[in-house]
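The values are calculated or read from the model by the stated rules, or taken from the named source; none is laboratory data. Just so we're clear, the structure is a prediction, and the values are computed from it rather than from any experiment. Heads up, the Cβs are rebuilt from the backbone with ideal geometry, glycines too, and the neighbour counts pull from every protein chain shown.
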């Protein structure tokens, strides 16, 4: 029997929307806490750990089928200690146990299900389980019954297995050696992506297809550096096909997380802040290279979505919108032809349906996902109808909003908006970026510590390298378009703190959590650029930029160490480290370094309008012994590749 309890469990005191979704389950959930493990030890029970996030479709399914079910709750409450974790609040816990799941099963995903001993050592791992066995999948009821029986009869064997698994995942990694040059690593990354490219629909590999925006950014940067036309062609094909498909919301704008098919038609409908931020960067880069207005239009629409749907009144950016409405995935986004005709009238409605492939037959479970796959994107005149359909859709069904504010994802969005401002000079973008930067500074940092999440007036007390990496990235991109030294100084100070707290001085690289964080089974270093670039990749980029702005021996030394570490990590599968590949190209072909000495502060705008976007610029508001004025006028000092040009008064 499925129902929610009238009495809340311990999750009711949490701030995470994901944990609060489970606060009225009959399961006696604990958050991740010392009390839970002490109780497991005192009562000699195994721990049932469930990890997910609030906009995860299969997390919703498992909750409805099992965690709202009295039978499941009865066996869990009697024989296990059940713990719920929001992966976005605790990426350290998620990283460790996801590695366990991948090592034990060969795959992973969310919801993540782990069974472990009271001392946090795992002995069983999986993802989604139906309540009862079906379609070849083991059922949760059968699994829990079997584990409970074995724990009582074969506990020593299970603890031995848990010890062996823990020993395997905590075994020190040997330092990798490699002989590949940076040029070869970059070429291999390009060739790997070229070999897996879908010539017909764009993207890489087979369905499900992910946007891989940072991979597209790498390809476009590679085109610029090496003049390889195929790199740009693959990027453009993918960017245009994604926009035409249903993965882009043609009514309310913004991109969904990934496509379940080759054509980009049927998405997994949840919309994540980080995906949209990365895609804005990619489309803006395509515009900078080609000047094609379609890319600008897509950037403007996607930012409009972010500002309308995912921006808090205080200026921070929310995490995500759900895939489900009323328990049905995608229901919010689907249309039938008569709905559109009723709203727009016979003539306009019919034309809209034909343009966006909304048919009686439908293209997704009997209804239609609006798309432009077969009609193309030259339909600006029809867009006058979008506000009516958008308002109708909002009133028709509701979407859950994950209104957590994550410092890492906000830092990425700050950098994205700054880059979009550089390309399009829309002051709205710069204003939104500066408001979000101020929000993080005022609400999510204390004494140079960046905290992970904020919601409902409270911050988490956890910090991870991604929090620093992306916030520093955002500050540096903001500095590039404002030349406000406060942003560069803040970025430098946070980098020093990140090195102190997270860096492995012996082997290189940043640990996911710091030395002052909760010490778990192992201390991972994430280097792979998955749905979002790794903190190590982003820190390599940040440190390179900062080492040019602030030439200290210490920072230059750590920058060299970080690039050496990341080259060792990436040379076997360089295309899986695409954001680092972009940083590596910058490392191999450093940008011009420009020091500008202002004759008068009123010359500031004159300077801003002259400096090239791809240069690293430092502005001094008074002359120094090292940088005197030439001809008693504002003066530029330009260096590149370890040599400098004579000072000039105009670039």
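Data for the structure
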| item | result |
| --- | --- |
| Residue check for residue 377: more than 25 Å from the chain's Cα centre (by Cα), touching a residue at least 12 places away in the same chain (Cβ under 8 Å) and within 20 Å of residue 342 (Cα to Cα) | no |
| Selection from region 98-126 of residues that are within 21 Å of the chain's Cα centre (by Cα) and under 20 Å from residue 55 (Cβ atoms) | 98, 108, 109, 110, 111, 112 |
| Tally, over region 348-361, of residues that are crowded, with 16+ Cβ neighbours inside 10 Å, touching a helix residue (DSSP H, G or I) at 6+ places or on another chain (Cβ under 9 Å) and without any contact (Cβ under 8 Å) to a residue 60 or more places away in the chain | 7 |
| Any hit, region 503-514, residues being closer than 30 Å to residue 621 by Cβ and not assigned by TED's automatic domain parsing to the domain that holds residue 34 | no |
| Which listed residue, of 245, 203, is outside the structural domain of residue 357 (by TED's automatic domain parsing), at positive phi and in contact (Cβ under 8 Å) with a residue 40 or more places away in the chain | 203 |
| Condition check for residue 203: under 30 Å from residue 585 (Cα atoms), more than 17 Å from the chain's Cα centre (by Cα) and buried (at least 22 other Cβ atoms within 10 Å of the Cβ) | yes |
| Subset tally (residues that are within 14 Å of residue 189 (Cβ to Cβ) and surrounded by fewer than 19 Cβ atoms within 10 Å (Cβ to Cβ)) for region 565-584 | 3 |
| Filtered residues of region 283-305 (kept if buried (at least 23 other Cβ atoms within 10 Å of the Cβ) and under 25 Å from residue 110 (Cβ atoms)) | 302 |
| Residues located in region 387-412, provided they are closer than 30 Å to residue 445 by Cα and more than 24 Å from the chain's Cα centre (by Cα) | none |
| Residue ID - nearest to the chain's Cα centre (by Cα), chosen from residues in region 533-551 that are crowded, with 23+ Cβ neighbours inside 10 Å and not in a helix (DSSP H, G or I) | 533 |
| Scope region 317-347; condition modelled with pLDDT under 95 and in contact with a helix residue (DSSP H, G or I) (Cβ under 6 Å, 6 or more places away or on another chain); matching residues | 323, 324, 325, 329 |
| Residue that is over 22 Å from residue 34 (Cβ atoms) and at pLDDT 95 or above, where the choices are 89, 70 | 70 |
| Residues within region 258-275 that are touching a residue at least 60 places away in the same chain (Cβ under 8 Å), closer than 21 Å to residue 110 by Cβ and either in the same structural domain as residue 59 (by TED's automatic domain parsing) or not in a strand (DSSP E or B) (or both), tallied | 6 |
| Number of the condition not met by residue 598 [criteria: (1) under 30 Å from residue 425 (Cβ atoms); (2) in contact with a strand residue (DSSP E or B) (Cβ under 7 Å, 6 or more places away or on another chain); (3) outside the structural domain of residue 621 (by TED's automatic domain parsing)] | (3) |
| Conditions (1) at pLDDT 95 or above; (2) at negative phi; (3) surrounded by 14 or more Cβ atoms within 10 Å (Cβ to Cβ); number of the one not met by residue 133 | (1) |
| Criterion: surrounded by fewer than 18 Cβ atoms within 10 Å (Cβ to Cβ), closer than 30 Å to residue 478 by Cα and either touching a strand residue (DSSP E or B) at 6+ places or on another chain (Cβ under 6 Å) or free of Cβ contacts under 8 Å to residues at least 40 places away in the same chain (or both) - qualifying residue of 446, 383, 391 | 446 |
